[in-house]
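Right, one structure below, let's go through it.
The values are calculated or read from the model by the stated rules, or taken from the named source; none is laboratory data. Fair warning: this is a prediction, and the values are worked out from it, not measured in the lab. No Cβ is skipped: glycine too gets one built from the backbone with ideal geometry, and neighbour counts run over all protein chains shown. What goes into the accessible areas is simple: the full protein's heavy atoms, side chains included, and nothing from ligands, DNA or RNA. Shrake-Rupley method; radii C 1.70, N 1.55, O 1.52, S 1.80 Å.
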Amino acid sequence: MAKPPKPYRSRKVGNRTLSPETLMMGFGHSPALSEGALKLPLFQTSTFVFRTAEEGKAFFELAYGLREKHQGEEIGLIYSRINNPNLEVLEDRLAVWDQAEKSLSFASGMAAISTAMWSYLRPRDTFVFSEPVYGGTEFLVHNILPQFGIEGVGFMAESGADGFREAAQKAVALAGKTGGRVGVIYVETPANPTNGLVDIALARQLSESMATPAGRPAVLVDNTFLGPLWQTPLSLGADLSITSLTKYVGGHSDLIAGSVSGEEAWLAPVRVMRTILGTMGDPHTAWLLLRSLETLKLRMDAAAAGAKIVAEYLANHPRVKSVWYLGFLPEDHPDRPLYERQCRSPGSTFSFEVKGGEKEAFAVLNALKVIKLAVSLGGTETLASHPAAMTHSDVPPESRARLGITEALIRLSIGVEDPADLVADLEQALSA
Ligand SMILES: *Cc1c(COP(=O)(O)O)cnc(C)c1O
């Protein structure tokens, strides 16, 4: 009997390297391994049967790193906390978008972030982080890691290169006192909800300047806001690129998942931590994500085009005070060169301020008919939220003021509806 072909792994046709959106239809899946199924079936199973005891032994030797792989040897399927076909194909396709050697999937964006942090931080270590960060990350950084003797030094995305350098020096000094190392440089860019930018190449430079014989801090970038289409942190110097797949990649507001991508050398400790903490994704969610990935580019392109139309409409509205849309960054803004270097699109999530305060902002939110009032972003439907009263309500008022998260600020995540309908909805809500 002929051996079944290897899963489809070629990224080339003749001399042409296929685009990611093309690879999303089949990459990593071999129909011959699944009864000829065009689509990867759902492998809803906890464990896998070994053909022989010797095979089981060999799989475990590789999974536990007890020996090097023989030529051409692949690790076999063992148990769905370690590996599973749905997770593996999902990870192959995420790596294509992230321009990564490998990808790992997780049960949520927070599972991805926390597992990566646990992989590179130990008691007495310090780390540098940009602010503002996602609310869950903020809690991890301020309330949980310190309980394990791990202290972060934050800097405002808006404080630019000087603020970043200063925080790095402080983290080195603090590590000197505690007797630990600087384990991680953690960056979220663009920041939510301000769209402040952090220089990823500078993060890498700073990491290299802190190198010791034991290594250098891991540069971790949360790429959720523009990833994976519009920003590629690994190509800008990041060691690990983290995405909440709940947002654009899942894209239908019906699942929670996350990923970490990078070189195998940086991912190896994260994979061990994932296996032991059990923070991996599950087969059904991976199966849904494979479906979502087929339309990822279509959805993100449509959302970005709609966002541009809505942002331009709002910018010209007499009841709107300001619009924080990356596409409106003035030519002479200090972040403009960084924006052009790092981002391929302004994205589809942005904030605007109405004239007035909470009362006026709430009046607009309550009058919306098409646009739904909910947190989250990157879904097919447009969502509106009030950062000061919702996602950022636990940020102390003085920090909120410093960040520019005013009572009049509304955040929009534009979906794939007809943009003219969204404009009509905002029109009637703003005149309410
Ligand atoms: C949503 C989000 C997360 C957390 O992702 P979950 O999938 O909800 O755990 C992390 N970072 C950013 C920027 C996010 O928007």
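Just a few scattered comments:
- Residue-averaged [θ]222 nm for the chain, counting only DSSP H segments that reach four residues, each worth -39500 (n - 2.57): -11000 deg cm²/dmol
- Around the Cα centre of region 296-431, unit charges on the Cβ atoms of Lys, Arg, Asp and Glu (plus for the first two, minus for the last two) sum to a dipole of about 160 debye.
- Those lysines that a straight Cα-Cα span of less than 24 Å connects to K355, excepting residues fewer than 8 apart in one chain: K308, K321, K369, K372
- Nearest-ten-degree value, helix 85-98 long axis tilted from longest Cα axis of the chain: 50
- Taking every protein chain into account, the accessible area of the chain amounts to 45 square angstrom per residue (probe 1.4 Å).
- DSSP-defined beta bridges in the chain - what % are antiparallel, rounded to 5: 55
- Peptides 62-71, 176-185, 257-266 ranked from most to least packed, by the mean per-residue count of other Cβ atoms within 10 Å: 257-266, 176-185, 62-71.
- Within the chain: Cβ-based charge dipole about Cα centre, in debye rounded to nearest 20 (Lys, Arg +1; Asp, Glu -1): 800
- Partner lysines for K12 [C-alpha distance under 24 Å; skip if fewer than 8 residues away on the same chain]: K3, K39, K102, K297
- Peptides 144-153, 46-55 ordered by packing proxy, namely the average of other Cβ atoms within 10 Å per residue, highest first: 144-153, 46-55.
- Surface composition of the chain: carbon plus sulfur atoms contribute 57% of the solvent-accessible area (1.4 Å probe, protein chains only, all chains present).
- With Cα atoms, 0 to 90° folded angle of helix 200-209 axis to the chain main axis: 60
- Axis of helix 53-63 versus longest Cα principal axis of the chain: the two differ by about 40°, to the nearest ten degrees.
- Multiplying the residue separation of F328 and D394 by 0.36 nm and removing their Cα-Cα distance gives an extension gain of 20.9 nm.
- All-pairs alpha carbon distance profile, the chain, 20 Å steps from 0, percent: 25, 54, 20, 1
- Projection of the Cα convex hull of region 102-203, averaged over all directions and equal to a quarter of that hull's surface, yields 6.6 nm².
- Between amide H atoms placed 1.01 Å from N, distances below 5 Å from E188 occur with S130, D222, all of them 5 or more places distant or on a separate chain.
- Distance in nm between pseudo-label sites at V375 and L298 (7 Å out along the Cβ direction from Cα): 3.2
- Cα centroid of region 189-216 to Cα centroid of region 226-256, whole Å: 17
- More than 26 angstrom apart: percent of Cα pairs within region 177-295: 27
- Residue among G76, S30, L42 farthest towards the positive dipole end of region 29-80, charges placed on Cβ: L42
- Projecting the alpha carbon convex hull of region 296-431 along each direction and taking the average yields 8.4 nm².
- For the peptides 384-392, 238-246, 85-93, the ranking by packing is 238-246, 85-93, 384-392, with the highest mean count of neighbouring Cβ atoms within 10 Å listed first.
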